[in-house]
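The structure appears right after this line, and notes come after that.
The values are calculated or read from the model by the stated rules, or taken from the named source; none is laboratory data. Note that this is a predicted model, so its numbers are computed, not measured. Methodologically, a virtual Cβ is constructed for each residue, glycine included, from the backbone with ideal geometry; neighbour enumeration extends over all protein chains shown. Just so you know, the surface numbers come from the protein's heavy atoms only, side chains and all, with ligands and any DNA or RNA stripped out. Shrake-Rupley method; radii C 1.70, N 1.55, O 1.52, S 1.80 Å.
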Amino acid sequence: MGRRVLLLLLLFCAVANAGDVTLQGIPSGDFRFKDIGGQVFGQNFISSFSYPPSNVKVTFDQPGLKYLAGLITATGLKPNFAYQIKLIGNPSKAATTDAERAAADDATNEALGRLGRWWRSTPSAGNANDADYDAHKNDPAYIYEGYLLIAFFVTDSAGNASVRFEGNNSFHVLWRVDQRPRSSADGPALPVTVPATSGNSAYDAAVGERSYSLYGEWEPTRAAPGALQMANGHYRCRLVLTEESFHDFGTNAGNWNAALSAPMEFDIPFALSNSGPVEPPVTPPDSALPLSVEALRVTVNPGKTLRDRGVISGSLKLPAGFAVENLEVQTTVLGTPQSFVLDKRGRDVIGQGSFELRPPRKDQTDATFKLRSRRMTYSLPAADAPLTVTVKLGADTYFQSLLPVRKTRPHSVLFSYKQP
């Protein structure tokens, strides 16, 4: 659900380079006054709460990535409440003041829309798609705002948060599992416990402890959760926290309103300053375990997004009797991560590939894996640079750096490798 976010903060906020960004509260809107489970807040809280006094800072601290990642620290937000983290474009046709015209960036706006979603603000407000945008983007009567929902978080019972996030997602919206069952294409589930409300001044009603599971719905035709890669370049947009309304309706239900916002600029690959791109690290992470890639074939199309694909197989050591059901797996190839949750057979299939893990046989420790990827956007390494493969199984990280055969074709680059 998209909702038009006004550019009013650009009138008095200086543009921030990505590193530390302090968000400013939006004073009015059709805000939600229920927690993640739908419990309404108390009347005193509803009548007195305002976003401008909130203190929210986002620190981006992982240079070299092709997406944004870091830490959100917040006080003064709504308790037991879900917030979307969005990047929202500034279309030039929406600018009416000198400050808005100076902040406008149509290239970033289009890039965000094609990675995420479109909101058509005129002539008829509503959600749009690529076809609608392409048909009318040059019509002066039509204004489209591109936006990308990269992550989300939930506050504690005091309305505070200190949460790390990986912004490598293109979500449609958030759901509770009790509302809509999570599919294998959606983002991982986040379990949340809401404490009993007795003694919490934000509530009037006394309600016992409640447990929920939240997740981000995959945006169809976009990058799979955990696999988003942004094209190299300079971006100028807004970082926005949006209230998640959980498709509720009626009094105090809210309407996916923007709650806090800040203008920002950043580079991809992500850099802490705008001094230029930073190459992704190729050294293994601390305490990495050995990984043996036995065969690899990856095709990269440098000129187009979501056209890359690959198949990688290999082996690693696991304890005898290792259980694979519900195991969380993250793979990274050419700087591009993918996330999986394995079934009892050791498999998971998502929109952009599959992963299969065959655990060791009885009294053995050798396990094998196969990763298949499609509709990807890989980071093309420098010539003769090693290609790294990382597989994270739960808390354990396996890593290998290798030198594949590289063949440049007219419209693609082929990487192939077979263990000697």
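As a summary of the residue check, residue 163 satisfies the conditions (1) open to solvent by less than 70 Å² (accessible area, probe 1.4 Å); (2) modelled with pLDDT of 95 or more except for the one numbered (2).
The rows are residues; the columns are (1) at pLDDT 90 or above; (2) touching a Gly at 6+ places or on another chain (Cβ under 9 Å); (3) over 25 Å from residue 267 (Cα atoms).
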site: 16; (1), (2), (3): no, no, no
site: 23; (1), (2), (3): yes, no, no
site: 35; (1), (2), (3): yes, no, yes
site: 38; (1), (2), (3): yes, no, yes
site: 41; (1), (2), (3): yes, no, yes
site: 44; (1), (2), (3): yes, no, yes
site: 51; (1), (2), (3): yes, yes, yes
site: 58; (1), (2), (3): yes, yes, no
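Here the condition is being among the small types (Gly, Ala, Ser), assigned to a loop (DSSP other than H, G, I, E, B) and under 23 Å from the mean Cα position of the chain (by Cα); of 373, 379, it holds for 379 alone.
Scanning the range 218-232 for residues that are more than 9 Å from the chain's Cα centre (by Cα) and not basic (Lys, Arg) yields 218, 219, 220, 221, 223, 224, 229, 230, 231, 232.
Here residue 134 passes the criteria (1) open to solvent by less than 30 Å² (accessible area, probe 1.4 Å); (2) out of contact with any Lys or Arg (no Cβ under 7 Å at 6 or more places or on another chain); (3) modelled with pLDDT of 95 or more except the one numbered (1). Can you confirm whether the range 270-285 contains a residue that is aliphatic (A, V, I, L, M), modelled with pLDDT under 95 and touching a helix residue (DSSP H, G or I) at 6+ places or on another chain (Cβ under 8 Å)? There is no residue in the range 270-285 that is aliphatic (A, V, I, L, M), modelled with pLDDT under 95 and touching a helix residue (DSSP H, G or I) at 6+ places or on another chain (Cβ under 8 Å).
Restricting the range 333-363 to residues that are polar (S, T, N, Q) and in contact (Cβ under 8 Å) with a residue 40 or more places away in the chain leaves a set whose member that is farthest from residue 388 (Cα to Cα) is 352.
This table checks each residue for (1) in a strand (DSSP E or B); (2) surrounded by 21 or more Cβ atoms within 10 Å (Cβ to Cβ).
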| site | (1), (2) |
| --- | --- |
| 44 | no, no |
| 47 | no, no |
| 51 | no, yes |
| 58 | yes, yes |
| 62 | no, no |
| 65 | no, yes |
| 69 | yes, no |
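Among the residues of the range 366-382, those identified as open to solvent by 30 Å² or more (accessible area, probe 1.4 Å) and at pLDDT below 85 are 380, 382.
Has the range 227-248 got at least one residue that is open to solvent by 10 Å² or more (accessible area, probe 1.4 Å), over 21 Å from residue 21 (Cα atoms), without any contact (Cβ under 8 Å) to a residue 60 or more places away in the chain and not in a strand (DSSP E or B)? Looking through the range 227-248, none of the residues is open to solvent by 10 Å² or more (accessible area, probe 1.4 Å), over 21 Å from residue 21 (Cα atoms), without any contact (Cβ under 8 Å) to a residue 60 or more places away in the chain and not in a strand (DSSP E or B). With respect to the conditions (1) surrounded by 17 or more Cβ atoms within 10 Å (Cβ to Cβ); (2) in a strand (DSSP E or B), residue 224 falls short on a single one, namely (2). Take the residues in the range 137-160 that are among the aromatic types (Phe, Trp, Tyr) and closer than 24 Å to residue 70 by Cβ; name whichever of them is surrounded by the fewest Cβ atoms within 10 Å (Cβ to Cβ). Looking at residues that are among the aromatic types (Phe, Trp, Tyr) and closer than 24 Å to residue 70 by Cβ, I get 153.
Across the range 222-268, the qualifying residues are those that are charged (D, E, K, R) and within 18 Å of residue 155 (Cβ to Cβ), and the one among them that is modelled with the lowest pLDDT is 248.
Which one is nearest to residue 41 (Cα to Cα), of the residues in the range 191-215 that are assigned to a strand (DSSP E or B) and small (Gly, Ala, Ser)? Here the answer is 211. Applying the criterion of at least 3 residues that are over 19 Å from the mean Cα position of the chain (by Cα) and touching a residue at least 60 places away in the same chain (Cβ under 8 Å) to the helices (runs of 4 or more DSSP H) found wholly in the range 77-190 leaves 98-103.
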